[in-house]
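> Here you go, one structure.
Nothing in this text is a laboratory measurement; each read-out follows from the coordinates by a stated rule. None of the values given here were measured: they were computed from a predicted structure.
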């Protein structure tokens, strides 16, 4: 559990830099790539991070990762956890039903319904026959 939290603190700023690189000029994008590469030291991971991951989390303001507790390990009873990117788990995101927005404010003592008056003929004939 502690290592998952430490990994989350390590990964979140890197994802933010990759997201910012897509919105900046090429000079700043190159600078951000080099900073991320200095931390990851893997060319393929940097390419994946600046490609698919940054496109998917582009509109999210933060909180890119989720820690899922898996329970305790049998051998030494250590806490186990899994960390994942929030936007990449379609199964978890699709299962949540949309919440119905309920209005919690009072609208008054009762609905006042106004019944329209019956339509009258505007053209009446007052002539004698």
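> Going out from 0 in 10 Å bins, what whole percent of all Cα-Cα distances in the stretch 2-95 drops into each bin?
For the stretch 2-95, the pair-distance distribution reads 15, 42, 29, 12, 2, 0.
> Just how far, in whole angstrom, is the stretch 66-92 from the stretch 32-61 if you go by their alpha carbon centroids?
23 Å
> Taking only C-alpha pairs under 8 Å that are 6+ residues apart, what is the relative contact order of the stretch 2-95 in percent?
26 percent
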